[in-house]
Amino acid sequence: MSADQKPNQRPELAALDDATVAQALTRMHLIRKFEEAAEASYMRGLIHGTMHLSIGQEASAVGTTLPLEAHDYILSTHRGHGHCIARGAEPRLMFAEFFGKETGYCKGRGGSMHIADVEGGNLGANGIVGGGLPIAVGVGMSIKAQKNGRVCMVFFGDGASNEGAFHEALNMASIWKLPVVFVCENNKYGMSMDIGHAMAVANVADRAAAYGMPGHCLDGNDLAGVAAVAKVAIARARSGEGPSLIECKTYRWRGHSKSDRNLYRSKEEIEEWRNQDPIRRLEDELKAHDRFDAATLMKLEEDAQRDIDAAVEFARACPDPDPKDLTRDVYAL
Amino acid sequence: MPIEVILPKVDMDMETGTIEAWHVKEGDRVRQGDTIFEIGTNKAVMEVEAPATGAIRNIKAQIGVPISVGTPVAWIYLDGEAATTPSEPAAAAATVAAATSVSKTEAPAAPVIAAAASPSGLRATPLARRIARQNGLDLRTVGGTGPRGRIGEADVKRHMEQRPRCAAAQEARPATAPSATASGDRLQPFSAIRRIVANRLSESMRTAPHFYLTSEIEMSAARDLLGRLARRHERIGAPKPSLTVLIARVAARILRDHPVINASTEGEATRFHERIDIGIAMERDGDLVVPVLRDAGGMDIPAMAREFARLREGMAKRTLTPAELGGGTFTISNLGMYGVDSFTAIINPPQGAILAVGRTIDKPVGRGGEIVLRPMASFTLSSDHRIVDGVAAARFMVDLREALENPELLL
Ligand SMILES: Cc1ncc(C[n+]2csc(CCOP(=O)(O)OP(=O)(O)O)c2C)c(N)n1
């Protein structure tokens, strides 16, 4: 903690130095602006397929990944743009992927739901709900066998936690004390299904008890709180004590995918959660403790917007794949 | 610079969309996030929100005309911005015209209702809006009797009966007699449903090699059975079964023995359906819709009569979900009640077959060396030859005849 901070700061916030918190805020802005720009491009017909936006969930992606080390891994979901950016992905290469360009992370072949950047520690998003969970167990086994001291963090939704794969993965990871951190982003709905109709327990984190691991139920829109708990879970995983389950309670402001009619929730509910905007909350708290002034905060946001605008420009100008390369990366038929 | 409002892509395979209703009018103040128009896609009606706060101007897009994704349809002027028409909107307005299917020469004759005539801030049910639109009626002239003054279907209909046709209404109505001059023609863009029907059926005719088998089947026993069932259903409080229900029941029973008729094409494979879901072709406001008797194989006749009645009512009230209107494994189309003798139907893809039923009428037939009159009906099975062969279809027709002529065999 630096000396000139105001007293009465929460220990979770005080634990993050100015550079770290500025980086976290920048990443949250980048995620928000990235998704807004992706949405605008989609609406103009520039992006094919569908996409799942995580606007409103930024603190969960950024907070959990903040304490990861450079060589650690993440596994992401169909709602994974935030995870990629939080892990340091370059928005311009992500846009290139969305626009189906040769320069994209997967040479334009994967699109929104299949961004992977193995060198960058992102082992890939997955269109299969819960698909990353068993993979995380495999990654955990590999880390353990190689004794390379890494940690694998796997993201999934509340809906995924009702899949068999979730239970099998947690059980096995716990039995073998694998270096995995399970992060459930509970945004209240699996498509249009309210968790109240899909789960017999109140919190996904309550399920940790069944697998003998710590379960943390968090306000997922509180960046500092999420980062503090993630730090503990990551340290536990790295030290060989085994996995943890973190549940970030949060909310997606947008529909499930681009074809959602929002018939299963009220405008009031969406409005209520908009008032808990994780970005504004962090900014307000930083201002209240005199850590950043309004002008500095504004600049962070403007810089992020500029980066995203430039990323879109870059990606649009990139070359399309050449049809003759259709089978270049096909290794099985 | 005013903020452009575009026609957004809101669905995966969407290339054009149709504005079904504007919720705002020229010059209205909108807040970011307010619903400004409704857009119809192949699948659903979605609300589109204002991208910014300000005054909405230069509303260009017409209701009911397909517009390409990404086309500007209006502009939002931020507070303090000069409200003159900038050159960009004017230029883009030309794009709108180009993007729509109405060409310049046809434009004056096209009876599309200008967006400016669209009522804003009015509460009206989608059905009321649709009827008003179809009849060129300005909703603002219709009083609503629903909650908080909402205009319902009945309000619009009453209004139409009470009022002599206004000029606008006449313009939007189909010409009663075909006129030699093009000016009397009416160009009506496809509705969302019409577009689905058009696309699916063209695809079916293009890709599925159809062949047709027709059988004349005696309906005496089926008729008797329907009479007895009517009495029994009255006792047990089930709706009176129609001939369509009986045919659906018979088909559901024999389809069990004919898996290839209860099948669909899927790429280069045949999908044999475990469940028998029978679609029944029906008409609603001039549109073809096909509600589905789900798991018809497991239903007895009273259950089927009840489900049929529920679907019919749901269809009329528009309460059926898209899931209830699609995904059958076999389809029946009965036009007998319209006096049609026999016809061939287009397969509802990806299904493999559809049964077309004509009217039941007394015909002279040979029985035991005599010519006698018997109630006869014609059944035509259209099959997709990619997955159904002639003999397989013929065997189905044999069983269909046997079952309808001897319904007790089904027991
Ligand atoms: C195995 C599987 N089942 C169903 C689907 C269809 N599907 C896509 S996203 C989704 C809901 C997922 O909900 P949740 O895990 O809560 O994640 P969220 O979308 O809320 O982020 C479903 C059912 C799928 N992609 N994969």
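A few remarks follow.
- Out of A:70, A:19, A:3, one residue alone is modelled with pLDDT of 95 or more, open to solvent by 30 Å² or more (accessible area, probe 1.4 Å), over 30 Å from residue B:17 (Cα atoms) and in a loop (DSSP other than H, G, I, E, B). It is A:70.
- Selection over segment A:74-112 of residues that are part of a helix (DSSP H, G or I) and either under 13 Å from the mean Cα position of the chain (by Cα) or among the acidic types (Asp, Glu) (or both) gives a count of 7.
- Of all residues making up segment B:1-15, the number that are open to solvent by less than 10 Å² (accessible area, probe 1.4 Å) and more than 9 Å from every other protein chain (Cβ to nearest Cβ): 1
- Any hit, segment A:44-65, residues being away from the ligand (no atom under 16 Å from the Cβ), open to solvent by 30 Å² or more (accessible area, probe 1.4 Å) and free of Cβ contacts under 8 Å to residues at least 12 places away in the same chain: yes
- Criterion (within 14 Å of another protein chain (Cβ to nearest Cβ) and in a helix (DSSP H, G or I)) met by exactly one of A:37, A:61: A:37
- Index of the failed condition, residue A:229 passing every other in (1) touching a strand residue (DSSP E or B) at 6+ places or on another chain (Cβ under 6 Å); (2) in contact (Cβ under 8 Å) with a residue 60 or more places away in the chain: (2)
- Residue that is nearest to the ligand (Cβ to nearest atom) [pool: residues in segment A:185-202 that are among the aliphatic types (A, V, I, L, M) and in contact (Cβ under 8 Å) with a residue 12 or more places away in the chain]: A:191
- Residue within segment B:347-356 that is modelled with pLDDT under 95, open to solvent by less than 60 Å² (accessible area, probe 1.4 Å) and either more than 18 Å from the chain's Cα centre (by Cα) or under 26 Å from residue B:229 (Cα atoms) (or both) present: no
- For segment A:139-157, taking the residues that are open to solvent by less than 10 Å² (accessible area, probe 1.4 Å) and away from the ligand (no atom under 12 Å from the Cβ), the one that is farthest from residue A:229 (Cα to Cα) is identified as A:143.
- Segment A:163-184: number of residues that are out of contact with any Phe, Trp or Tyr (no Cβ under 8 Å at 6 or more places or on another chain) and within 12 Å of the ligand (Cβ to nearest atom): 3
- Being within 15 Å of residue B:243 (Cα to Cα) and at pLDDT 95 or above is a description that does not apply to residue B:261.
- Of residues in segment A:255-288 being of a type in the set (Gly, Ala, Ser) and crowded, with 17+ Cβ neighbours inside 10 Å, the one farthest from residue A:225 (Cα to Cα): A:259
- Evaluated against (1) within 16 Å of the ligand (Cβ to nearest atom); (2) in a strand (DSSP E or B), residue A:216 falls short on exactly one condition, (1).
- Only listed residue being out of contact with any helix residue (DSSP H, G or I) (no Cβ under 7 Å at 6 or more places or on another chain), touching a residue at least 12 places away in the same chain (Cβ under 8 Å) and open to solvent by less than 50 Å² (accessible area, probe 1.4 Å), chosen from A:291, A:252, A:238: A:252
Yes/no matrix, rows are residues, columns are (1) modelled with pLDDT of 75 or more; (2) within 25 Å of the chain's Cα centre (by Cα); (3) among the charged types (D, E, K, R); (4) buried (at least 17 other Cβ atoms within 10 Å of the Cβ):
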site: B:106; (1), (2), (3), (4): no, no, yes, no
site: B:117; (1), (2), (3), (4): no, no, no, yes
site: B:133; (1), (2), (3), (4): yes, yes, yes, yes
site: B:137; (1), (2), (3), (4): yes, yes, no, yes
site: B:144; (1), (2), (3), (4): yes, no, no, yes
site: B:171; (1), (2), (3), (4): no, yes, yes, no
site: B:186; (1), (2), (3), (4): yes, yes, yes, no
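- Matching entry among A:279, A:234, A:246 (being more than 14 Å from chain B (Cβ to nearest Cβ), in contact with a Pro (Cβ under 6 Å, 6 or more places away or on another chain) and at pLDDT 95 or above): A:234
- You will find that of A:136, A:160, A:205, A:116, the residue that is under 19 Å from the mean Cα position of the chain (by Cα), touching a residue at least 60 places away in the same chain (Cβ under 8 Å) and away from the ligand (no atom under 14 Å from the Cβ) is A:136 and no other.
- Count - residues of segment B:16-67 that are more than 26 Å from residue B:326 (Cα to Cα), of a type in the set (S, T, N, Q) and within 14 Å of chain A (Cβ to nearest Cβ): 2
- Count of segment A:66-86 residues, restricted to those that are within 12 Å of the ligand (Cβ to nearest atom), in contact (Cβ under 8 Å) with a residue 60 or more places away in the chain and not small (Gly, Ala, Ser), is 3.
The values are calculated or read from the model by the stated rules, or taken from the named source; none is laboratory data. Keep in mind that what you see is a predicted model, and the values were worked out from it rather than measured. Counting neighbours? That spans all protein chains shown, and the Cβs are built from the backbone with ideal geometry, glycine included. Note: accessible area is taken over every heavy atom of the protein model, side chains too, but ligands, DNA and RNA are not part of it. Shrake-Rupley method; radii C 1.70, N 1.55, O 1.52, S 1.80 Å.
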